[in-house]
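First up is the structure itself, then whatever we jot down about it.
The values are calculated or read from the model by the stated rules, or taken from the named source; none is laboratory data. Only a predicted model underlies this, so the values are computations on that prediction, with no experimental measurement involved. Every residue, glycine as well, gets a Cβ built from its backbone with ideal geometry; the counts of neighbours run over all protein chains shown.
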Amino acid sequence: MNRRDFVRSLGLGGAVGLGGFAGLDGIAGLAGPRPLSAATRNPHRYGPLIDDDFRLVVLHTNDTHSRMDPFPMDGGRFAGLGGAARRATLIRRVRETNEHVLLLDSGDIFQGTPYFNFFGGEIEFRAMTAMGYDVATLGNHDFDNGVDGLVAMLPEADFEFVSANYDVSASALAGHVRPYTVREFDGVKVGIFGLGIAFENLVLASLHEGVRYTDPVEAARNACRQLRDQGCSLVICVSHLGYRYADPDRPSDRTLAEAVPDIDLILGGHTHTFLDEAVVFGRDGAGSQGETGFTVVNQVGWGGMRLGRVDVTFDSGREASGWAAAGYDIDERLDV
C-alpha cells in the first residue's frame, strides 16, 4: 500500500466530507460530548454570548503524539478514545454550522506510535492538512528526527508554524517558522504566536542545531505589542511551555498569563493536562476581574483524545464581547 492509499485508509477523506451533528450549532448545544465551562463574562468588558454578534470558533489540540488510531480497548482509562478520523469528523461538523473557524495545535505532533517511526511525520502532517489546520507551534518532540528531519516533512504540512521564542534564523527552519501570524475574519484581525519549551534535558543539541531558545515571556510581550500595533482584536498564544510546575520560576502557561496580560487566549501543551474547565486570569495582576478583561488558559490532555473549543463573540465595533469554552471527548459516538 502506498502512502496516499494509507492516509485514505485512515478514513480522513470520508470523515472530512460528513455533514450534520446535533448540538454543535452554538455554545448552548456544546453539552454534546463534554462542556468545559459555561459562558463566562467580565462585567467590565465581556458580555454574554449573543447570537447576533460576530462569532469566531477556535478549535485546538495539543500533544497528539502521532496517535492516528483510537487507543486500544484494553488501554485502561483511555480505552477506545481518540482517532484522527473521528477528530476530522467532529471538526467538519463544527465547520458546517459555523462560518468562522480557526483550527490550532500546540505542538508535539510527532512521536509515540509506529506511524512516526516508519514515516517520520508525513502521516501526521498530511492528516492535519486534510483536517484543515491553520496554525501550529513546535513542541520538543517535533525535533526528534532533528531539524533536517522536520524540514523534510514540511511540504506535507499545508498550514503555518509559529514560534516567537525559538530563533530559527541560523537553521534550516529559517523561512518556515515565523514568530506570529495574523488571520482576518470579516474585518476582525486575530493574531497568533507560538512559544516553545527550553531544550535543556529534553532535546539533544544535535537535534535542534541552529535553533536557539529565548525567554518566552519577553518574546510574548514583543509579539503582543506587534500584533496589537497591527490592529489585532484578539491575540492567541499556542504554547508548548506546560500548564504548571512546582518551581514557580519555570515558565508555564500560568506564569505567562500573569506576566503578559495582553494575551487573550493561551492554548497550552507539553504537560498533557486535562483541564476540566478553562482557567481564567484577571488582567489586573491579582487574579481577579480586571477592567481590561480576562486571559483564558486551556489545554486538552494528549493523544488526540479531546478537541478543545473556545467561542469568542465580537460587538459591532469588532471588540471582543464574550467567550465560552468547551471540550469534546473523541470517542465512538463519532464513528461512521
* Asked: Filtering the range 110-143 down to residues that are more than 20 Å from the chain's Cα centre (by Cα) and either of a type in the set (Ser, Thr, Tyr) or outside any helix (DSSP H, G or I) (or both), which residue is surrounded by the fewest Cβ atoms within 10 Å (Cβ to Cβ)?
  -> Thr113
* What are the pairs, 6+ residues apart or on separate chains, where a residue within the range 64-89 that is on the phi > 0 side of the Ramachandran plot has its Cβ under 8 Å from a residue that is among the β-branched types (Val, Ile, Thr)? -> His65/Ile109; His65/Thr113; Ser66/Ile109; Ser66/Thr113; Ser66/Ile123; Gly82/Ile330; Gly83/Ile330
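Residue-wise test of (1) farther than 24 Å from Val57 by Cβ; (2) at pLDDT 95 or above; (3) in a loop (DSSP other than H, G, I, E, B).
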| site | (1), (2), (3) |
| --- | --- |
| Cys232 | no, yes, yes |
| Leu241 | yes, yes, yes |
| Val280 | no, no, no |
| Trp302 | no, yes, yes |
| Gly308 | no, yes, no |
| Tyr328 | no, no, no |
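Can you pull out every residue in the range 174-197 that is without any contact (Cβ under 8 Å) to a residue 40 or more places away in the chain and either over 17 Å from Val151 (Cβ atoms) or buried (at least 19 other Cβ atoms within 10 Å of the Cβ) (or both)?
Correct list: Val177, Glu184.
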* To do: Filter the range 255-266 for residues that are touching a strand residue (DSSP E or B) at 6+ places or on another chain (Cβ under 7 Å) and not in a strand (DSSP E or B) and give the result.
  => Leu256, Ala257, Glu258, Pro261, Asp262, Ile263, Asp264
* Across the range 55-82, which residue is farthest from Arg318 (Cα to Cα) among those that are touching a Lys or Arg at 6+ places or on another chain (Cβ under 8 Å) and assigned to a loop (DSSP other than H, G, I, E, B)? -> Pro70
* To do: Restricting attention to the range 225-276, report how many residues are in contact with a helix residue (DSSP H, G or I) (Cβ under 9 Å, 6 or more places away or on another chain), of a type in the set (D, E, K, R) and over 21 Å from Arg306 (Cα atoms).
  => 2
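If you scan the range 304-327, which residues turn out to be of a type outside the set (A, V, I, L, M) and surrounded by fewer than 24 Cβ atoms within 10 Å (Cβ to Cβ)? It would help to see each step written out before you state the result.
Step one: list which residues in the range 304-327 are of a type outside the set (A, V, I, L, M), which gives 304, 306, 308-309, 311, 313-319, 321-323, 327.
Selection gives Asp311, Thr313, Phe314, Asp315, Ser316, Gly317, Arg318, Glu319, Ser321, Gly322.
Taking the residues in the range 310-322 that are in a strand (DSSP E or B) and at pLDDT below 85 as candidates, determine which candidate is nearest to Val188 (Cα to Cα).
Kept after step one, since they are in a strand (DSSP E or B), are these residues of the range 310-322: 310-314, 320-322.
Cutting the leftovers down to at pLDDT below 85 gives us 320-322.
Working: Ala320: 10, Ser321: 13, Gly322: 14 Å.
Top of the filtered list is Ala320.
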* Find the residue count for the range 144-157, including only residues that are part of a loop (DSSP other than H, G, I, E, B) and of a type outside the set (A, V, I, L, M, F, W, C). => 2
